1. Select from segment 180-202 the residues that are within 30 Å of residue 238 (Cα to Cα) and surrounded by fewer than 18 Cβ atoms within 10 Å (Cβ to Cβ) and list them in ascending order.
2. Contact list please: Cβ distance under 9 Å, first residue in segment 89-110 and over 15 Å from residue 147 (Cα atoms), second residue of a type in the set (Ser, Thr, Tyr) and part of a loop (DSSP other than H, G, I, E, B), pairs at least six apart or on different chains.
3. Any idea which residue in segment 236-256 is nearest to residue 173 (Cα to Cα), counting only those that are open to solvent by 60 Å² or more (accessible area, probe 1.4 Å) and not hydrophobic (A, V, I, L, M, F, W, C)?
4. Sort through 200, 208, 256 and tell me the only one that's within 31 Å of the chain's Cα centre (by Cα), small (Gly, Ala, Ser) and on the phi > 0 side of the Ramachandran plot.
5. Run down 224, 171 and say which single residue is over 21 Å from residue 263 (Cα atoms) and either of a type in the set (Phe, Trp, Tyr) or in contact with a Leu (Cβ under 6 Å, 6 or more places away or on another chain) (or both).
6. Of everything in segment 28-51 that's more than 17 Å from residue 129 (Cα to Cα) and not in a loop (DSSP other than H, G, I, E, B), which residue is modelled with the lowest pLDDT?
7. Taking segment 111-120 as the region of interest, how many residues are open to solvent by 80 Å² or more (accessible area, probe 1.4 Å) and more than 24 Å from residue 155 (Cα to Cα)?
8. Quick check on residue 220: is it without any contact (Cβ under 8 Å) to a residue 40 or more places away in the chain and among the polar types (S, T, N, Q)?
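The values are calculated or read from the model by the stated rules, or taken from the named source; none is laboratory data. Just so we're clear, the structure is a prediction, and the values are computed from it rather than from any experiment. A quick note on method: Cβ atoms are made from the backbone with ideal geometry, for glycine too, and the neighbour counts reach across all protein chains shown. Please note that ligands, DNA and RNA were not included when accessible areas were found on the heavy atoms of the full protein model with its side chains. Shrake-Rupley method; radii C 1.70, N 1.55, O 1.52, S 1.80 Å.
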Amino acid sequence: MNSSRSARARLASIAAMSFAVASLTLTTSPANGDVSDASLAPPPTYTIDDVTITEGDTGNQALLFVIARTGDLAAASSVTFETSEGSAAAKRDFTAWRPKAIKFKAGQASATVKVKIKGDKVPEYEEFFYAYLSAPVDSVLTDTYAQGTILNNDPGEPPVYTMGSAQLVEGDAGQTNMLFTIHRSGDLNFAGSVKYYTLGLFGHAEAGEDFVNKKPTKVSFPAGVADKVVKVAIKGDVEVEIDEYFHVALTDPVNGDLNFFPFGYGLILNDD
């Protein structure tokens, strides 16, 4: 009997000590009741906004992208910034950024990145390019890209390149050139250029078999010149076949833009 009482006394003593430890733990917790570990706070978040600038006539202007960092800023972190072309071309319209780490010190909430915009006096349509964020270190991304818009400030109608269509009787042998006219409209007071290339059409003319394939080839327009004639070689044969079509397309305009439908048709007329 005495042994049982002694055991109960020991259990009561252990329970009392456990209660005391628990009470001490609670009374030493933060006054606001937040018992979470600070190390569990979410990492900082990066965002970047769209920006617009007027081009200018000469020299370079700085288009400023602001990278914002929100959340827990107690520690340093970084994110990678780079640019890519849209309708605006690197070298001609802006200076491209290769991937580069933008570092943030502890407590720093934002960083400004400058992209050089090249001025000119050529009338153009509104142009744009992209800025990208990637590879966050000790942080996360909620906004991965932004658009940089370049507004034209030059008077006049922007030049537009249009590809014409053409047709030719095939012939029985050898090659015959089909002639296409590239037309440039708008303000022609400035030199420009555009590239043309060929595309076969399924079930119709095929490159290598019916015509000589043309990879993108530059065509230069001096100031004041509206039209340029280009050639595509058509291959003759003695096969009886339907009249066949292929595409001639435009790309990479300089000091101008492309027509809404930048294609022409080549029609090869069968004579067998």
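1. Our first condition is that a residue be within 30 Å of residue 238 (Cα to Cα); within segment 180-202, this holds for 180-181, 196-202.
Correct list: 181, 197, 199, 201, 202.
2. 104/139
3. Ranking the qualifying residues of segment 236-256, first place goes to 239.
4. Working: 200 fails: on the phi > 0 side of the Ramachandran plot; 208 fails: within 31 Å of the chain's Cα centre (by Cα).
The conditions single out 256.
5. 224
6. Step by step, filter segment 28-51, then rank; the result is 38.
7. 2
8. Details: without any contact (Cβ under 8 Å) to a residue 40 or more places away in the chain: yes; among the polar types (S, T, N, Q): yes.
When the stated conditions are applied, residue 220 passes them.
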